[in-house]
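Colleague: What follows is a single structure, and I will ask about it in a moment.
Read the figures in this text as sums done on the coordinates, not as results from a lab. Keep in mind it's a predicted model, so treat the numbers as computed, not measured. Glycine also receives a Cβ, built like all others from the backbone with ideal geometry; neighbour counts cover every protein chain displayed.
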Amino acid sequence: MRILFLGGLGRSGTTLVERVLGELPGVCALGEVVHLWRRDVRDDERCGCGVRFSRCEFWTAVGETAFGGWRHVDTYRVLALQRAVERTRHIPWLAAPRLGGDRAALVTEYADYYARVYAAAAAVTGSRLVVDSSKHASLAFCLRWARALDLRVAHVVRDPRGVAYSWTKSVPRPEADGGETMTRYAPARSALLWNAHNAAFGLLARRGVPVRRIRYEEFVDSPADAVRDLAAFAGLGLSETDLSFVDSTHALLGTGHSAAGNPMRFTVGRVPLQRDDAWRAALPARQRRLVGALTAPLLSKYGYPLRTTKES
């Protein structure tokens, strides 16, 4: 089963990349499957199609195919496994050449839940490629141990100052009731997370997993070229008509079934593809300099300038 895993730190554009890729023929985009067990199976939040998870025909069919129905999934067991093995601090032993005894059994059991969801989604839709935009490097390290998966990783990076500004904003979670908002981080905190999450994907590549890095800025500047490159990396051959939904400035998005992710997963219709550079003016100069200093080594590696101006 071929999986394209979108990795990186949140607020880097992975939801946009996932939604665009999901419009390609033969591709099934699932959103952030890492949150499926708690937010959807347990809490019955809204699917990207707008209805409750329990009422979504797509996810109902996936659950029946994978497990004989979601009622047969012990979500508390899955969440316990998640806490036990799928944490950033566990990456050093997940990256080892071999897993010992109890750890191997736990990782294999945890990864199998994902493999069954992926296989079921492919079977239900007749897709050749499943896209998971979970982002977490720790999950990608777990999935590398699933023998049934042909895992390929698209490592999505964005200028950390833009990421830092985005994490300071209050963003509603429309799929949740009660006015809940997405997590927020101070710029210094997001800079450290940006370092840790992105460096982890470099280690994953050194462990033999195919990893293709793409910058958010490049994706929105040349979306058709970026999609064509990612599709080739994932083993999909495309014709020009397959890309008719995207041009240099917009993409036409249909209804999707993202399990979780940025609120733009609910957006349908003609969506603009352009850089969000509001951070250049909105993020205070002191904070821009702080984030730049904290992320300087990877800034250079990924081709971002160390110093910036307020101009967009």
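Colleague: Criterion first (within 20 Å of the chain's Cα centre (by Cα), surrounded by 17 or more Cβ atoms within 10 Å (Cβ to Cβ), of a type outside the set (A, V, I, L, M, F, W, C) and closer than 23 Å to ASN198 by Cα) does GLU32 satisfy it?
Modeller: Yes, satisfied.
Colleague: Just name the residue that is surrounded by the most Cβ atoms within 10 Å (Cβ to Cβ) out of those in the stretch 224-249 that are in a loop (DSSP other than H, G, I, E, B) and touching a residue at least 12 places away in the same chain (Cβ under 8 Å).
Modeller: ALA234
Colleague: Hey, could you check the stretch 145-159 for residues that are in a loop (DSSP other than H, G, I, E, B) and touching a residue at least 24 places away in the same chain (Cβ under 8 Å) and say which is nearest to the chain's Cα centre (by Cα)?
Modeller: Result: ARG158.
Colleague: Among the residues of the stretch 104-113, is there at least one that is in contact (Cβ under 8 Å) with a residue 12 or more places away in the chain, touching a Cys at 6+ places or on another chain (Cβ under 9 Å), in a helix (DSSP H, G or I) and within 23 Å of GLU175 (Cα to Cα)?
Modeller: Checked the stretch 104-113: no residue is in contact (Cβ under 8 Å) with a residue 12 or more places away in the chain, touching a Cys at 6+ places or on another chain (Cβ under 9 Å), in a helix (DSSP H, G or I) and within 23 Å of GLU175 (Cα to Cα).
Colleague: Out of (1) out of contact with any Gly (no Cβ under 7 Å at 6 or more places or on another chain); (2) of a type in the set (A, V, I, L, M); (3) closer than 19 Å to ALA260 by Cα, what's the single condition that is false for VAL131?
Modeller: With (1) out of contact with any Gly (no Cβ under 7 Å at 6 or more places or on another chain); (2) of a type in the set (A, V, I, L, M); (3) closer than 19 Å to ALA260 by Cα applied to VAL131, the lone miss is (1).
Colleague: Of all residues being in contact (Cβ under 8 Å) with a residue 24 or more places away in the chain and assigned to a loop (DSSP other than H, G, I, E, B) in the stretch 44-58, which is surrounded by the most Cβ atoms within 10 Å (Cβ to Cβ)? Just the residue, please.
Modeller: GLY48
Colleague: If you don't mind, another one. In the set VAL211, VAL291, VAL268, which member is surrounded by 18 or more Cβ atoms within 10 Å (Cβ to Cβ) and either closer than 30 Å to LEU151 by Cβ or touching a Gly at 6+ places or on another chain (Cβ under 7 Å) (or both)? I'd like the intermediate steps shown before the answer.
Modeller: Values: VAL291 fails: either closer than 30 Å to LEU151 by Cβ or touching a Gly at 6+ places or on another chain (Cβ under 7 Å) (or both); VAL268 fails: surrounded by 18 or more Cβ atoms within 10 Å (Cβ to Cβ).
On inspection, the qualifying residue turns out to be VAL211.
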